[in-house]
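Worksheet: one structure, shown below.
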Amino acid sequence: MIIDCDQHDWVEIFCLRKQLLLLNLQDGTTRTVRAAGTRNTAEQEYLLCETDRGEQTIPLLAIASIQPLHDCGEADGAVITLKLQEGPQ
């Protein structure tokens, strides 16, 4: 499985802006992070994040939705729900 191309474009834009994000994860937890980039492996793609605990990598498939935030923590746009689609076989 991979995320939909339109949502992937948003992830890339957030990384270019070093956007502060509220991530809602598939396991029901949330994290506030600053997008730093993406990384690919043969198995999956990851969001590289800066947090108060240092750098973290979060699998894109573990993210249910993304809420962009202003630096003060207030919402800065609509919630983007990541849609999954079948990847190339």
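The values are calculated or read from the model by the stated rules, or taken from the named source; none is laboratory data. Just so we're clear, the structure is a prediction, and the values are computed from it rather than from any experiment. Every residue, glycine as well, gets a Cβ built from its backbone with ideal geometry; the counts of neighbours run over all protein chains shown.
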Single match in ASP9, ASP27 (criterion: at negative phi and modelled with pLDDT under 95): ASP9
Cβ pairs under 7 Å, 6+ apart, first in the range 1-15 and free of Cβ contacts under 8 Å to residues at least 40 places away in the same chain, second among the small types (Gly, Ala, Ser) and surrounded by fewer than 12 Cβ atoms within 10 Å (Cβ to Cβ): none
The listed residue being of a type in the set (A, V, I, L, M), at pLDDT below 90 and within 16 Å of LEU25 (Cβ to Cβ), out of ILE80, ILE58, ILE66: ILE80
Among the residues listed as GLY28, GLY37, the single one being in a loop (DSSP other than H, G, I, E, B) and under 21 Å from ALA78 (Cα atoms): GLY28
